[in-house]
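Visitor: Sending over a structure as structure tokens; questions will come in a sec.
The values are calculated or read from the model by the stated rules, or taken from the named source; none is laboratory data. Worth saying up front: this structure is predicted, and the values here are computed from it rather than measured. Note that we place each Cβ from the backbone using ideal geometry, even for glycine, and neighbour counts take in every protein chain shown.
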Amino acid sequence: MTAPTLALFRDDFYLATAEGVVTAVHEDGSVELDQTCFYAASGGQPGDTGFFERADGSRIALGETRHGENKSIILHRPLEGEALPSVGEKLVLHVDWPRRYRLMRMHTACHLLSVVCPFPITGAAVGEEESRVDFDMSETIDKEQVTADLMRLVGENHPIYLQWITDEELAANPGIVKSKNVRPPVGLGRVSLVCIGENSAVDSQPCGGTHVSETQEVGAIHIAKIEKKGKENRRFRIRFGSPEVLA
């Protein structure tokens, strides 16, 4: 069994390039490294894509990044037909930064939506163009008002930062988890709290995803649609841009 992958993205969401040494190449072509800046799919956020750069300058394009048998293992899957590196080979890792940054902005927008709509979250999916968040709620709510409240938080430009707590501290404070169905990533000894606002004045919740460093970076967003998914479930669809521009 290979050693756990050092997940560099956990401490620096803006790290788009790093070096890594190949520790394993599996039968399906997935590659393990000693460390990586590639985010592995989790909690509704897709994994990173990009490429490995070899010593001779050639590239290995990656189609997905995901976890292995547990959260401590990160697997990088090259696109079909790409060459595979060798165990012990040193690579330069290049994240598809424009894509990652859009996902960071979108994921942060989902957190802001959970502030505007303080209801238990029953599901979520982060996308490059559209994200969705499902809430356990029966209330009727106006999408234009939600959009206005979201853009107010964006415009106020609150800082966003991480705090770390232990798995034991999270277990002792289950009320800080907003999601009803998806549990924060545990088992690594510590859990990151995504804090918005000075001293977490706006929000604080466990999350292992990637986020921007201030709310203004999210940019223009709007609620495109609110769908009724059952008697007590509402699905909010978030998109980039202003509704007036896109109408």
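Visitor: Filter segment 142-188 for residues that are among the polar types (S, T, N, Q) and either modelled with pLDDT of 70 or more or surrounded by 12 or more Cβ atoms within 10 Å (Cβ to Cβ) (or both) and give the result.
Guide: Q145, T147, N157, Q163, T166, N173, S179
Visitor: Would you pick out the residues in segment 233-247 that are farther than 17 Å from D134 by Cβ and modelled with pLDDT of 95 or more?
Guide: Residue satisfying the conditions is F240 alone.
Visitor: Now for a separate question. Take the residues in segment 36-67 that are among the hydrophobic types (A, V, I, L, M, F, W, C) and under 15 Å from F13 (Cβ atoms); name whichever of them is nearest to the chain's Cα centre (by Cα).
Guide: Filtering segment 36-67 for residues that are among the hydrophobic types (A, V, I, L, M, F, W, C) and under 15 Å from F13 (Cβ atoms), the one nearest to the chain's Cα centre (by Cα) comes out as A40.
Visitor: Do you know which residues across segment 1-19 are over 15 Å from A61 (Cα atoms), assigned to a strand (DSSP E or B) and not hydrophobic (A, V, I, L, M, F, W, C)?
Guide: Selection gives E19 alone.
Visitor: Could you list all residues from segment 25-48 that are of a type in the set (V, I, T) and surrounded by fewer than 20 Cβ atoms within 10 Å (Cβ to Cβ)?
Guide: Listed by number, the list holds a single entry, V25.
Visitor: V22 passes all but one of (1) surrounded by fewer than 19 Cβ atoms within 10 Å (Cβ to Cβ); (2) among the β-branched types (V, I, T); (3) part of a strand (DSSP E or B); which number fails?
Guide: For V22, the exception is condition (1).
Visitor: Regarding segment 77-87, can at least one residue be identified that is surrounded by fewer than 18 Cβ atoms within 10 Å (Cβ to Cβ), at pLDDT 95 or above, touching an Asp or Glu at 6+ places or on another chain (Cβ under 9 Å) and of a type in the set (G, A, S)?
Guide: No, that holds for no residue.
Visitor: Which members of segment 32-63 meet the condition of being in contact with a His (Cβ under 8 Å, 6 or more places away or on another chain), closer than 23 Å to M106 by Cα and part of a strand (DSSP E or B)?
Guide: T36, S42, Q45, G50, F51, L62
Visitor: Also: Which residue is surrounded by the fewest Cβ atoms within 10 Å (Cβ to Cβ), if the candidates are limited to segment 193-232 and must be over 17 Å from the mean Cα position of the chain (by Cα) and at pLDDT below 90?
Guide: Among residues in segment 193-232 that are over 17 Å from the mean Cα position of the chain (by Cα) and at pLDDT below 90, the one surrounded by the fewest Cβ atoms within 10 Å (Cβ to Cβ) is K231.
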